[in-house]
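What follows is one structure encoded as structure tokens, with my remarks underneath.
Throughout, read-outs are computed from the coordinates displayed, never taken from laboratory work. Computed from a prediction, not measured in an experiment: that's the story for all the values here. Glycine also receives a Cβ, built like all others from the backbone with ideal geometry; neighbour counts cover every protein chain displayed.
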Amino acid sequence: MYQSQYMSKLDALPLGSEEFGLVVKRVRVFPRWPLQIGVPVAATAVATLIGLVIIASTGTPLEDAVAAFWDGMAGSTFNVGASINRAVSLGFVGLGFIFANRANLTNVGGEGQLAMGGMFATAMALHGAAALPFGLAFLLPLIVGTAAGGVWGGIAGVLKARRGTNEVISTLLLTFTALPLVYWSVQSFYLLRKPLSPLSSLPESPEIPEATRLPLLFPSDQTSPLHLGLPLAILAVIVVAVVLQRGSLGLKLRAVGLNQVAARRAGIQSGSLIIIAMTVSGGLAGLAGAIMILGEQFYLTNDFSSGYGFDGLVVGLLSRGSAFGVVLGALLFGFLRSGSINMEITAHVPSAIVLICQGLIVIMIAGSAIFVERMGRR
Amino acid sequence: MTLLEISGLTKRFGSLLALDNVSLTVAEGEVHCLLGENGAGKSTLCNLVYGVYRPDSGSIALRGRPLSPKSPADALRQGIAMVHQHFSLVPTMTVIENLMLGRARPILEYSEMISRMEALDREYGFVVDPHSVVEEMSVGERQRVEIIKCLLGDPKLLVLDEPTAVLKPEETAALLSICRRLTETGKSVVLVTHKLAEIAKVADRTTVLRHGRLVETVEMAGADMRALVRSMVGRDVSSADAVLAATIGIGDAAEPETAATARPKTPVQKTAGFGDGTAALELVQLTLRGRDGVSKLDDVSLTVRRCEIVGVAGVEGNGQNELGDILAGLTTPSSGTVKVDGRDVTRATPQEITASGVGIVPEDRHAVAIASELSVAENLLLGRLDRFSRFGILNRRAMREAAAGLMRKFDVRCESPDLPMSSLSGGNQQKAVLARELSLDHLTFLLAAQPTRGLDVGAVEAVYGHIRAARDQGLGVLLISSELDELIAVSDRVVVLYRGRIVGEMPGNPANREAIGAMMSGHVPEPVHV
């Protein structure tokens, strides 16, 4: 997409221009955007069809499954809202991914950063934030959650900048550290576990106070679960898009990602930029975790992150570096998740089947992206 | 007898006519040279023969049979092999392992491969240890491995794309003698180059290409070198100076005396205030030991004054790279000091070194100087983004204008500053690097390492023009080059690095060529001609 804009200029190069030897590889012969939209849409449709065949093969009546799926995605105002809330969380993680990826860093630790964000946001909400005025009751936990995720990502950044540790490995290992930390915190009474009572003995935190919960967007409408997370996400999309497309920070990140030595020679502090990129990336994932707790779940459980960090990573990958792509991917996955949960509950389609269908869609979209790329190059 | 016959070959890339109705023949047992500037269509022609591209029209015949290779593998099967400018060896593997790649059978027959290597060695005189690791080998050795790899398939025709661009003089000589021996065994060799001198020694015939068209094919016996250069460049080169002649190699090959006397000894126009000979760069007892304890640089002391170009001569691998890395702040010396304009920058970061007034044109442009996916404007202004942004948002228009200004000043030829750096030819990329480094603030010193490697004649001229202009404006310049003729023609004085030590210093006078050459190979300095 980045290259298509100067295609017309290349065509104007004079004959025998000494540049041509290298230019040829980049010449695009036909406009690519119809393909870029059309092929992924067709691919998704094909994946859905295959999914339906698999579902039919399990013996579930197809119309039941489809009805349940549709109902879960968009059957009611509440379901639409829930799907969008899911998309918000996925979107933050996806934005974080593309931010670090601009510096050619692959943050696969969204799950762990999200878990840390949720855990610290819960702690803040339970201990100290509730009494604060001016909305600080929920803002402070959001900020603390973001900071926690940022630190968790930043550790990988520092390791990369100072010691050259591969960030794929470090973020993954940090995730395997973060998830047990959450488990520990909800298992231990001296940490976040709620006191035993006759009603409940589950290892989870107490519910956070009303004041620390994210305000609903439409408080009068009892059926809409949309909360402050949505406008925050829209803001984050705009800010990340502007910084990456037009900001000097975005260009510096690209330079560091493309050629670190040259960037350093040009006076760019590559080490700090790597740390910044990983911190921001982790911070956005941490914010997603905080929003999940403060907006919907209201108490911390062992597995509250439930794969959002990994799904967000896929959203970031599919978006191919564009913030707008993250929006599309997050919405797709948010609605898919809602639909499939409902399909599992009401139509009794095994959850494994649903996961297989999701995987198919990812493969088809990624495959179609490669296909479009090849078509463009031909 | 004709081996390869190319008739009316045409290839377009989009609207660009890369090759226009080119016809030529390669005889059996012939060294055929393809001469032309960057972008003349030499590589395109080779890639058509080697099956990388398909021609739009025209035909190729091998021993009278039509040949239309669908892929390099297909071309190989038909008896055509090619060594590209960029090698395709796995650096961490040994020679023998690299040779095994691509011909892997379930069981690797190492002893058989080694005996085949030995046979080739006897026949052609490759001196390559099958068990040495590729990344520890010199460029010349790697190239010989590539050639061995080609010869394993017993090709009839061997195509070498710019084989001498990266070689030391003695390696070039070895390569050319291998070429000759290949033709003695009935194989044909196509040599692609824009350096004439070395070709004159080995080629039977030369075909000159310019802007995708065939200019002429000449027999090399008794050919007029200057006429060849004229048809390659498209204008008379008598206007060009001795540097140019040295670059293409016609100066010393044809008439060394003229080259020496014709050198325009331009008086250094010293700008007021700089002519006092203050040091731009001072190296004091610089020593760098590698991890294995071997000294890469040994007690190097050198002063580069303002308004002076100091050349560093030496066979590659004698400490030039390490010197360049230290000056760029990419390596810290084991002991000694580096002073720029009197300030100690021995342990400074690259950023601090840039800020202290050091411009660097590095040897490996792609690895160190540019991000080729970024646009020309972005590359030119990468160090000064803060000047073009407000609240963190870049002013693209101002960047474009500033970049266009620099491009005009340094004659970087490119349709738009928004094009990616990779779309520029090597020469224009190098000019862009010079433009960026020479437009730094408070510049006192410029390091240029192999600044003309792989560039065509016009670009070489421009690069040296800029370097001289920088000197005349009061900069100290350190020029590292493996091309002795260039060093002598451009430098005010030349120091010689041998095994990490400075073994001698001489004025940049053509009369000292032999003496400098001797010092490069470790001999005791001869009497100095001033």
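Between A:Ile54, A:Ile234, A:Ile37, which gets the highest mean-square fluctuation from a Gaussian network model of chain A, Cα cutoff 10 Å?
A:Ile37
Run lengths n ≥ 4 of DSSP H only: what is the helix-derived mean residue ellipticity at 222 nm for chain B, with -39500 (n - 2.57) per run over all residues, to the nearest 500? Mind showing how you got there, number by number?
Values: 19 runs with 178 residues, N = 530.
Estimated from H runs of four or more residues: -9500 deg cm²/dmol.
Going by alpha carbons, how many degrees (0 to 90, nearest 10) lie between the helix axis of A:33-57 and the longest principal axis of chain A?
40
Please compute, for peptide B:373-382, the average count of beta-carbon atoms on other protein chains lying within 10 Å of each residue's beta-carbon.
Working: counts 7, 7, 3, 0, 0, 4, 4, 1, 3, 12.
Per-residue shielding by partner chains comes out at 4.
Sorted from fewest to most neighbouring beta carbons within 10 Å, what does the list B:Val433, B:Val284 look like? Show your work: numbers first, answer last.
Working: B:Val433 27, B:Val284 16.
Lowest count first: B:Val284, B:Val433.
Using Cβ contacts closer than 10 Å as the measure, can you line up A:Phe97, A:Phe78, A:Phe120 from fewest to most? Walk me through the numbers before you get to the answer.
On the way: A:Phe97 29, A:Phe78 14, A:Phe120 25.
Placing the least packed residue first, the sequence is A:Phe78, A:Phe120, A:Phe97.
Treat every Asp and Glu Cβ in chain B as -1 and every Lys and Arg Cβ as +1, leave all other atoms uncharged, and give the resulting dipole magnitude about the Cα centre to the nearest 20 debye. Intermediate results must be reported in sequence, preceding the final value.
Details: 58 positive and 67 negative charges, 274 e Å.
Dipole size: approximately 1320 debye.
Check B:Val345: other-chain or 5+ apart residues with amide H under 5 Å from its amide H, H built from backbone geometry?
Hits under the 5 Å cutoff: B:Val338, B:Lys339, B:Val340.
Can you tell me the orientation of helix A:248-258 relative to chain A, as the angle in degrees between its alpha-carbon axis and the longest Cα principal axis, to the nearest 10?
Once rounded, one gets 70 degrees.
Roughly what would the spin-label model give for A:Glu210 and A:Tyr190, points 7 Å off Cα along C-beta, in nm?
In this crude spin-label approximation the distance works out to 3.4 nm.
Along the Cα→Cβ direction, 7 angstrom out, place labels at A:His127 and B:Ser59. What is the inter-label distance in nm?
It works out to 8.7 nm between the two label points.
Evaluate the charge dipole of the protein assembly as shown about its Cα centre and quote only its size in Debye, nearest 20, assuming +1 on the Cβ of each Lys and Arg and -1 on the Cβ of each Asp and Glu. List each step's numbers first, then the result.
Values: 81 positive and 84 negative charges, 294 e Å.
The dipole of the protein assembly as shown has a size of about 1420 debye.
For chain B, build the charge dipole from Cβ charges (+1 Lys, Arg; -1 Asp, Glu) around the Cα centre, then report which of B:Leu440, B:Leu76, B:Ala313 sits farthest towards its positive end.
B:Leu440
Do any chymotrypsin sites (Phe, Trp or Tyr not before Pro) in the range B:341-436 lie in a DSSP loop with no more than 12 other beta carbon atoms within 10 Å, and if so, which? If you can, show how the numbers build up before the last one.
On the way: sites: B:Phe388, B:Phe391, B:Phe410; in loops: B:Phe391, B:Phe410.
When the chymotrypsin sites (Phe, Trp or Tyr not before Pro) of the range B:341-436 are filtered for loop state and at most 12 Cβ neighbours within 10 Å, B:Phe391 remain.
Subtract the Cα-Cα distance of A:Val242 and A:Ser201 from 0.36 nm times their separation in residues, and report this length gain in nm to one decimal.
Values: separation 41, 0.36 × 41 = 14.76 nm, distance 4.78 nm.
Full-extension gain reported as 10.0 nm.
Normalised radius of gyration for chain A, please: alpha carbon Rg relative to 2.2 N^0.38 Å, two decimal places.
Details: Rg = 22.6 Å, N = 378, 2.2 N^0.38 = 21.0 Å.
For chain A, the normalised Cα radius of gyration is 1.08.
Give me B:Ile360, B:Ile178 ranked fewest to most by other Cβ atoms within 10 Å of their Cβ, as a rough exposure proxy. Could the numbers behind the result be given before it?
Details: B:Ile360 26, B:Ile178 22.
In order of increasing Cβ crowding within 10 Å: B:Ile178, B:Ile360.
Percent of Cα-Cα pairs more than 32 Å apart in the range B:2-224, please.
Details: 4247 of 24753 pairs.
For the range B:2-224, the share of Cα pairs beyond 32 Å comes to 17 percent.
Expressed as a whole percent, how much of the Cα-Cα distance distribution for the range A:91-306 exceeds 33 Å?
Numbers: 4651 of 23220 pairs.
For the range A:91-306, the share of Cα pairs beyond 33 Å comes to 20 percent.
Between B:Thr92 and A:Thr177, what FRET efficiency follows from the Cβ-Cβ distance if R0 is 30 Å, with the result rounded to 0.05?
Numbers: r = 32 Å, r/R0 = 1.08.
E(calc), rounded to 0.05, equals 0.40.
In percent, how large is the relative contact order of the range A:91-306, given Cα pairs closer than 8 Å and 6 or more residues apart?
This gives 42 percent for the range A:91-306.
Taking the Cα atoms only, what angle lies between the long axis of helix B:110-124 and the longest principal axis of chain B, rounded to 10 degrees?
Approximately 80 degrees, to the nearest 10.
Taking the square root of 5 times each eigenvalue of the Cα gyration tensor, what semi-axes in Å does the equivalent ellipsoid of the protein assembly as shown have, largest first?
On the way: eigenvalues 698, 247, 128 Å².
Output for the protein assembly as shown: semi-axes of 59, 35, 25 Å.
Name the residue from A:Tyr190, A:Ile84, A:Gly250 whose Cα lies farthest towards the positive end of the charge dipole of chain A, charges +1 on Cβ of Lys and Arg and -1 on Cβ of Asp and Glu.
A:Gly250
Efficiency by 1/(1 + (r/R0)^6): what FRET value for B:Tyr110 and A:Gln222, r their Cβ-Cβ distance, R0 = 56 Å, to the nearest 0.05? Can you show the working numbers first?
On the way: r = 78 Å, r/R0 = 1.39.
Efficiency at R0 = 56 Å is approximately 0.10.
What fraction of the DSSP beta bridges in the protein assembly as shown is antiparallel, stated in percent and rounded to the nearest 5?
Beta bridges within the protein assembly as shown, antiparallel portion: roughly 60 percent.
Can you tell which of A:Val66, A:Val80, A:Val88 shows the greatest fluctuation in a Gaussian network model of chain A with Cα springs below 10 Å?
A:Val66
Placing +1 at every Lys and Arg Cβ and -1 at every Asp and Glu Cβ, with all other atoms neutral, what dipole size does the range B:185-228 have around its Cα centre, in debye to the nearest 20? Working shown, then result.
Details: 7 positive and 5 negative charges, 33 e Å.
Approximately 160 debye in magnitude.
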